[in-house]
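Asks: Starting off with a structure, shown below.
What follows is calculated from the coordinates using simple rules that are stated; it is not laboratory data. Note that this is a predicted model, so its numbers are computed, not measured. Positions of Cβ are generated from backbone atoms using ideal geometry, with glycine treated the same way; all protein chains shown enter the neighbour counts.
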């Protein structure tokens, strides 16, 4: 599903954020990406949906080589990848329903289909009753659930979450994890960058640790492994 | 792209115009002022051009023939002038005809000369390109039997230079104004886009194509351009209407004419509208470019 071969990334300011990533992730896997800030976690994740392009090496996602993908084809890649952010990235002027429907509108989905899908995912994250509210009328945890709902509304094979619990209190974080687990159990690949030691150590999954642009540890059912 | 999507883009573009009320006003004013200036310049320039062509058309070489030139030699000269490259027409006018013209133009007093006509028989030569007039005159004056070849000389040459220069200056001014307008519109739209940065970023992250993001902004620019061309079109039309009514009677029977109200004013209005659309659409296209890199 995802394969990185000797991936290097040097930013224009000279920073080497990726120093030869080699990794293989199978369809349906749940992977934590851990490591200190500035170690290359974000670069690792951003390269998977082509927000960043590798300087060298190949990244193959769903059979497409992102290193060689034309810029004009990137939108079509992203329709098969859901992305969840630490800061939710919801549009404050749109309702919850509209925020999620937005993701389907831009890919020109049929209006009937949009309605059906949006209600389905809202049900999945347990926010059907708040569909008409605005994002700032919801708690942080609820907003993150909306953002997850938006990431899966076009049924992607891969969901990438960049510190989805970073802005949330511990209790809400567990709710978010339950939803991500749920998504993973349906066969979607989930890749999650996190600093949350408790979650990693409790819900056991594959752990990839990144330091100084290198993968220093890759274990099935691993530990967080850093003092927080 | 699907028809439904075009509908969405249209709605979005209108919504944005309403939402950014003051920015819309600022952009439209900028376009209005520029197009008004461009429109006025255009009307002046095109009319100047018309006047210049009229003057150029009227330029002719008057070839005065020596008194008492044989008929055979006159025919010979006629043939020779016709062979000069760049000559459009050669017309013969006898001294009697010349005197009649003079009487017609200046009054019966000149009938006095009918007794003893002091005029010459002439050839009136017109050049295909008025700028060749001088050359033709110089050539013809060398022929045997030709007394003199007259044309406005220095005066005409200077007129041509002035016309040429003012045409170029006008063109440069118009282009400069258009660029200023484009820059202004692009800046105003940029401000509305900065406010919608996040929206564009999210659109790109969920897989919107660049054109999907661009369309509403381009349409918005287009509306701004069209709104901005309304006042210039109205002012230029009424302005030219009154100018035309005022000037036209004074030029009656004169070889210089200004351009007729129709279809000229429709052409100018069409151009103003077209320029409004282009600077609007192009301006927003340029300003959205930067924000598509997500």
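Asks: Rounded if a/c is under 1.5, else prolate if a/b beats b/c, else oblate: with a ≥ b ≥ c from the C-alpha gyration tensor eigenvalues square-rooted, which is the protein assembly as shown?
Replies: Since a/c reaches 1.5 and a/b is larger than b/c, the shape of the protein assembly as shown is classed as prolate.
Asks: Taking 8 Å as the Cα distance limit and 6 or more residues as the minimum spacing, I'd like the relative contact order of chain B as a percentage.
Replies: 31
Asks: Taking the Cβ of each residue in A:21, B:179 as the centre, tally the other Cβ atoms inside 10 Å and list the residues starting with the fewest.
Replies: B:179, A:21
Asks: Which of rounded, prolate or oblate describes segment A:90-155 when judged by the alpha-carbon gyration tensor and an a/c cut-off of 1.5?
Replies: Since a/c reaches 1.5 and a/b is larger than b/c, the shape of segment A:90-155 is classed as prolate.
Asks: Additional query: Using only the Cα atoms of segment B:110-268, what are the Rg and Dmax in Å?
Replies: Reported Rg and Dmax, both Å: 29.0, 99.
Asks: Run through the DSSP bridge list for chain A and note the antiparallel percent, rounded to the nearest 5.
Replies: Counting only bridges with both partners in chain A, antiparallel ones make up about 50 percent.
Asks: Please compute, over every Cα-Cα pair in segment B:60-151, the percentage with a separation greater than 23 angstrom.
Replies: 27
Asks: Another question, then. Going by Cα centres, segment A:44-80 and segment B:35-110 are how many Å apart?
Replies: The two parts, judged by their Cα centres, are 75 Å apart.
Asks: Another one. Test of understanding: in a Gaussian network model of chain B with alpha carbons linked when under 10 Å, which of B:62, B:167, B:196 would top the mean-square fluctuation ranking?
Replies: B:196
Asks: OK, next. Ignoring everything except DSSP H segments at least 4 long, calculate the 222 nm mean residue ellipticity for chain B; use -39,500 (n - 2.57) per segment, divide by total residues, nearest 500.
Replies: -24500 deg cm²/dmol
Asks: Going by the alpha-carbon gyration tensor, a ≥ b ≥ c the square roots of its eigenvalues, is chain B rounded (a/c under 1.5) or, if a/c is not under 1.5, prolate (a/b greater than b/c) versus oblate?
Replies: Verdict is prolate for chain B.
Asks: With the contact rule set at Cα under 8 Å and sequence spacing of 6 or more, what percent relative contact order holds for chain A?
Replies: Computed over chain A, the figure is 28 percent.
Asks: Tell me the relative contact order for segment A:44-119 as a rounded percent, counting alpha carbon contacts under 8 Å between residues six or more apart.
Replies: So the answer I get is 17 percent.
Asks: Per residue of chain A, what 222 nm ellipticity follows from adding -39500 (n - 2.57) for every DSSP H run with n ≥ 4, rounded to the nearest 500?
Replies: Value at 222 nm, helices only, nearest 500: -9000 deg cm²/dmol.
Asks: Then there's this: Which of A:140, A:38, A:82 ends up with the largest GNM mean-square fluctuation for chain A, with Cα atoms connected below 10 Å?
Replies: A:38
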